[in-house]
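The values are calculated or read from the model by the stated rules, or taken from the named source; none is laboratory data. Model, not experiment: these values are computed from the prediction. So basically every Cβ, Gly included, is an ideal-geometry build from the backbone, and we count neighbours across all protein chains shown.
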Amino acid sequence: MPVYPVKSAERVIQILELFRAVRQPLRLNTIASDLDWPIPSTVALLKTLVGMGYLIFSTKERTYFPSPHLASLGNWVEPAFFEDSHAMEIAERLCEQTTEHVVLSVHSGLHVQHVKVLHGIDDARYGTRDGSMRLVVRTSPGLVLLGAMPMQAVDRICRQINIKYRNKTERIDPDQFSKTIASVKRQGFSSLYGVPHIEGAMLSMLLPPTRSGQRIAVSVGGRKERIKQNRDRLLQTMADVIAAAV
C-alpha cells in the first residue's frame, strides 16, 4: 500500500530541517524562497510553530529561530535509541582513529537509515547525512544488517523490492543476493565500492544487539582509492574498537 505524505506535516519537518542546515535566524521571505512555498501557507505554519513555543519570532529583526523548547522535544531520543550499545562511543573513536567518515545505520523496512554521520577530515562531503535513507540491498550497512536476519526474511525483502521497483536497475536476483549475504555472514563484514557515490566506498560491521534487540551497523567510509588501499587496516581498527567498547 503506497504511503502519501501529509503536506502540512511534511512542511513542518522541512522548516525544522532548514534551520538545522543554516543554523541562523531567518526571515519569512527567505524561508518561503528556500523551500519554494507560497507566502500565505509559510506564514500560517510559522505562526503555528511560534504559538506552540517551538519557534521564537523577533519583532525587531523580523526573524524566526528555533527555541530551546524544540530541543527538549528530542534530546532524550539518542540515548534511548542507542541504549547500552556504546554505538556513539564506538563511532567517535573510529572517526578519531581512522580520520574517515563514520556512519551508524539501522534497518527500516526496505531501507537503511543512517541515523548518525560523523564526518572525517576529507574535504569533500561524503554524500551521507543524518536521517538519510537508502535501499537496504544497495548499501554496505544494509548487507551486514540483512546478514543478521534469517534467509527467509531476506528473501521476503528481495521479493518486496522486486514488486515495488519494477525497473531493472533496482531489481534483485534472489539467488545471487543469497550468495552475497552468505559471504557477508562468513566474513563478518561487508564492503561496497562506488557508494554512496561513484568515488566513495564503505566498510561495515554489526554492533552487538541492544537490550531491546536493536541491531546497529557501523561503517567507515571515504574516497574509494583510499578505503581500498587501507581496507585491512581499517577493518582491524573497526574490530578492535568494537571489541574494546563491549
>> Within the range 172-190, does at least one residue satisfy the condition of being within 23 Å of Gly222 (Cα to Cα), in a loop (DSSP other than H, G, I, E, B) and in the same structural domain as Asn230 (by TED's automatic domain parsing)?
In response: yes
> For the range 202-229, how many residues are touching a Gly at 6+ places or on another chain (Cβ under 9 Å) and not charged (D, E, K, R)?
Replying inline: 10
> Would you say Arg134 is touching a residue at least 60 places away in the same chain (Cβ under 8 Å) and either of a type outside the set (Lys, Arg) or part of a strand (DSSP E or B) (or both)?
Replying inline: yes
> Which numbered condition trips up Lys179, out of (1) modelled with pLDDT of 90 or more; (2) under 17 Å from Val106 (Cα atoms)?
Replying inline: (2)
> When residues of the range 49-98 are filtered for being surrounded by fewer than 16 Cβ atoms within 10 Å (Cβ to Cβ) and of a type in the set (Phe, Trp, Tyr), how many remain?
Replying inline: 2
>> I want to confirm something. Restricting to the range 10-26 and keeping residues that are in contact (Cβ under 8 Å) with a residue 40 or more places away in the chain and not in a helix (DSSP H, G or I), which single residue is surrounded by the fewest Cβ atoms within 10 Å (Cβ to Cβ)?
In response: Gln24
> Quick one: what pairs do we get from the range 147-160, first residue in contact (Cβ under 8 Å) with a residue 12 or more places away in the chain, second part of a helix (DSSP H, G or I), C-beta under 6 Å, 6+ apart or different chains?
Replying inline: Gly147/Ile181; Gly147/Val184; Gly147/Lys185; Val154/Leu146; Val154/Ile181; Asp155/Pro174; Cys158/Pro174; Cys158/Phe177
>> Name the residue that is surrounded by the fewest Cβ atoms within 10 Å (Cβ to Cβ), counting only residues in the range 145-175 that are closer than 27 Å to Leu203 by Cβ and more than 24 Å from the chain's Cα centre (by Cα).
In response: Asp175
> Would you pick out the residues in the range 36-60 that are farther than 19 Å from Gly74 by Cα and not in a helix (DSSP H, G or I)?
Replying inline: Asp36, Trp37, Pro38, Phe57, Ser58, Thr59, Lys60
>> Where the second residue is of a type in the set (Lys, Arg) and surrounded by 24 or more Cβ atoms within 10 Å (Cβ to Cβ) and the first is modelled with pLDDT of 95 or more and lies in the range 87-103, which pairs have Cβ atoms under 7 Å and are six or more apart or on separate chains?
In response: none
